[in-house]
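Working notes for the structure below.
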Amino acid sequence: MVKLATAREARMYGPALAVRRWEYANAAAYAFATLLLLLAAAMTLLPLSASGGGAARAVAGVALSAIAAVNAHDLAAHLAGIDCHVGLVRHDIQLGLVELLVPALHVIGCALAVAALATSNNAMATAAAAAAAWVVGSVANACQTYERADSRAQLMQSGVQVPMLVGSLLFLVSAAVVDVDTSPAARWRWVVVVGSVMWVVAAAVNVAKVYMMHQSDALRLEKLRGGAQEWLGRDREGRVPLSVNWEEAAWRAELR
């Protein structure tokens with residue numbers, strides 16, 4: 001989860017009010033999903049029957065699907081913000097490493113985790129691959145830097161990055177030891193719970209960060225780097241007239 005649509009001016013992919021609503025909705029959906037994931041992890045600690053274990057897997061599947069949807073929207077928003085010009089990553093490395101790669105890795109990780117919950121064949125290997133994708137995505141997410149950001153913005157960003165990385169590492173550890181420790185009070189279950197708590201912390205800080213970034217006095221952070229913003233601006237000027245009658249354009253679009 002990156003939420004960079006609130007961080008760089010180039011990520012404006014629609015009217016400001018619509019962007020704000022989507023950002024708040026995404027942040028709230030992610031926070032709720034992480035709480036569901038924590039609930040599912042806590043259910044594995046209880047002496048439940050086989051049907052109870054199935055309920056925990058179902059809750060975890062819903063939570064992971066919601067997390068995947070949030071990250072998929074992030075990826076779509078970042079692509080829309082640059083008019084799907086993926087080639088701009090040659091100018092701005094952070095665009096490809098963080099804004100595009102991170103949400104894609106988290107979507108892949110969630111898909112693999114849901115597959116591991118749904119099948120018993122190679123489930124542990126699939127779960128380990130999912131956790132590895134989250135770890136790589138969290139490491140890449142920590143690579144984002146904003147030179148114009150104040151200390152408060154940097155602190156909030158770190159408050160999202162660090163818990164996400166710690167939680168992903170704990171999920172990877174639990175996937176590695178689950179075959180070794182299979183007792184009812186297995187320690188890996190507690191590792192999953194702590195990892196879920198870390199994701200909840202990251203989601204809570206992210207809600208606060210999104211709110212802070214949308215305040216009227218929030219600092220406007222830098223645009224694309226390495227000449228990518230200039231390239232995107234020239235491309236848009238070549239496709240959009242300097243004077244546009246938006247009402248007439250909407251009327252003609254309806255006629256089509």
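Can you sort GLU237, GLU99, GLU23 so the residue with the fewest Cβ neighbours within 10 Å comes first? Could the numbers behind the result be given before it?
Numbers: GLU237 10, GLU99 29, GLU23 24.
In increasing order of surrounding Cβ atoms, one gets GLU237, GLU23, GLU99.
Ranked by the mean number of other Cβ atoms within 10 Å of their residues, highest first, the peptides 85-96, 101-112 fall in the order 101-112, 85-96. Between ARG21 and ALA125, the modelled labels are 4.7 nm apart [label points 7 Å from Cα along Cα→Cβ].
Counting neighbouring Cβ atoms within 10 Å and putting the fewest first, the residues SER168, SER158 line up as SER158, SER168.
Give me TRP231, TRP199, TRP188 ranked fewest to most by other Cβ atoms within 10 Å of their Cβ, as a rough exposure proxy.
Values: TRP231 18, TRP199 28, TRP188 21.
By the 10 Å Cβ count, ascending: TRP231, TRP188, TRP199.
Since every read-out is calculated from the coordinates, none of them should be taken as a lab result. All values derive from a computational prediction rather than experimental measurement. Methodologically, a virtual Cβ is constructed for each residue, glycine included, from the backbone with ideal geometry; neighbour enumeration extends over all protein chains shown.
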